[in-house]
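> Just passing along the structure, written as structure tokens.
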């Protein structure tokens with residue numbers, strides 16, 4: 001039975017300079033995938049495995065400064081997070097976030113799905129696009145303008161004290177005056 005990947009493997013071996021060895025392995029009766037693996041001196045892929053993901057991370061915290069290391073572990077302990085056998089991934093969250101402490105690639109994937117993050121590397125995930133609803137005026141700015149209005153107009157202040165619904169009307173007035181224009 002002919003191997004459908006023979007040409008592709010041969011082209012890759014040629015690019016890497018090991019085509020002669022590849023051809024010899026094929027003549028000896030090996031299938032194309034096995035021959036390419038031997039010729040290129042690349043073992044079967046381990047991408048996506050937990051072993052590959054955690055490789056070299058058994059002493060991940062030793063490379064950071066003592067103060068930073070103490071802070072990270074103290075924050076996790078204060079939050080009640082068991083750090084045993086786990087690695088802290090700051091890109092996922094702060095040290096007091098349980099999702100930022102991972103022990104496998106599936107933990108990273110679960111955290112990315114939960115938080116709507118995309119990631120690329122040992123774990124690949126593309127988060128769905130999010131629609132961000134823009135406000136016409138930030139709440140803190142609206143609050144500041146409302147305070148100024150109330151401070152400058154005692155009669156308005158009395159109306160708001162008597163009827164809290166007037167506060168909502170004031171906020172809408174402030175947003176219309178100072179916020180971005182409606183589309």
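The numbers here are math on the coordinates, done by the rules we state, and not lab data. Keep in mind that this is a model prediction, so the values were computed, not measured.
> If you fit an axis through the alpha-carbon atoms of helix 66-78 and take the longest principal axis of the Cα set of the chain, what angle between them do you get, 0 to 90°, nearest 10?
70 degrees
> Once the principal axes of the Cα atoms of segment 64-146 are found, what is the range along each, listed largest first in whole angstroms?
Extents along the principal axes: 50, 32, 22 Å.
> For residue 27 and residue 99, calculate 0.36 nm times their separation in residues minus their Cα-Cα distance, and state this gained length in nm to one decimal.
Fully extending the segment from residue 27 to residue 99 adds 20.7 nm.
> Considering every pair of different Cα atoms, what Kirkwood radius, in Å, is found for segment 17-157?
About 20.4 Å, per the Kirkwood formula over Cα pairs.
> Taking only DSSP H segments of four or more residues, each worth -39500 (n - 2.57), what value at 222 nm results for the chain once the sum is divided by all its residues, to the nearest 500 deg cm²/dmol?
Taken over the chain, the calculation gives -15500 deg cm²/dmol.
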